[in-house]
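One structure is given below, encoded as structure tokens.
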Amino acid sequence: MQISARHLDKMTVFDISGDIDLSTSPELRKPLLHELRELRTPRVILNLRAVRYIDSSGVASLVEGLKASRDVGSRFILFGLNTTVREVLQLSKLVRIFEICENEEQAVAP
Amino acid sequence: MDRRSLLLRMELRSNPETLCVVRGALGQLAERLGFSESECRAVVLGVDEALTNIIRHAYAGQPEQPIEVWFHRIQVPSRGAGIEALEIILLDQGKKLDEAKLSGRALEDVRPGGLGLHFIRETMDEVEFSHTDGRNQLRLVKILPAQKPPAGS
């Protein structure tokens, strides 16, 4: 898994690619929680378009990010969900708890 | 007549970095058996979650512990006839499974963790846990395509 951050005005977009599983989910969790808990960035956006696989530990990391965002009053937005990611989120029955946008333009819109 | 044929056997170590290798091999096996793209992803997810559970819970994150995975093509009884299925058996020598935890949890309880077992149950047609001779066994069955009875029947 690769993750990189783009810092925009009062928001950060994380571009994530590859597999999010037991071995890689800590690499997602750590920068997400830092961005929310330490930096308190008002809007944190995850670009999941290039994610090839996600398992329960990856979904758990997203849930942790969402909870951290609620704790600090930030928005936590997902976009670019491909079939694989959408299927797993739907299977988790947690898809409804996330703010999901179709594309980056929507996610960064005022 | 032999109603069980071995497709693949894997001897693994409880290293999370091997998971991607298993997913790659299993995805190709599922495709060769005729599963649709969506069903291939489901089979891969179910087995990946089963291995993740073994690594995290049975072996408490200890690497280099043994895991065996057997893949068979089997026939399972259905209305007096046999239907073809993929059987996956995972064996480990870790801590005995806590049966109280096997029921999972309410998904409405939004928090990290606890999803793995839910994914296994959702992606497989049969899920059986047992513990024999100091080994945990998880048996998963996924009925092959064009074998499933119509929904609601």
Can you tell which of B:20, B:40 is facing another protein chain (nearest Cβ under 8 Å), surrounded by 15 or more Cβ atoms within 10 Å (Cβ to Cβ) and hydrophobic (A, V, I, L, M, F, W, C)? B:20
Would you mind finding the one in B:87, B:64, B:49, B:68 that is away from every other protein chain (no Cβ under 14 Å), in contact with an Asp or Glu (Cβ under 7 Å, 6 or more places away or on another chain) and either outside any strand (DSSP E or B) or not aliphatic (A, V, I, L, M) (or both)? B:68
Helices (runs of 4 or more DSSP H) lying entirely in chain A (those with 1 or more residues that are within 23 Å of residue B:19 (Cα to Cα) and in contact (Cβ under 8 Å) with a residue 40 or more places away in the chain): A:56-72
Just give me the residues in segment A:66-110 being within 21 Å of residue A:41 (Cα to Cα), among the hydrophobic types (A, V, I, L, M, F, W, C) and within 14 Å of chain B (Cβ to nearest Cβ), in sequence order. A:66, A:68, A:76, A:97, A:98
Looking at segment B:75-104, I want the residues that are modelled with pLDDT under 90 and have a partner that is surrounded by 13 or more Cβ atoms within 10 Å (Cβ to Cβ) and not hydrophobic (A, V, I, L, M, F, W, C) with Cβ atoms under 7 Å, at least 6 apart or on another chain. Which pairs are those? B:76/B:82; B:82/B:75; B:96/B:136; B:97/B:136; B:104/B:114; B:104/B:118
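The values are calculated or read from the model by the stated rules, or taken from the named source; none is laboratory data. Bear in mind the structure is a predicted one, so any value in this text is a computation, not a measurement. All Cβ positions, glycine included, derive from the backbone under ideal geometry; neighbour counts span all protein chains shown.
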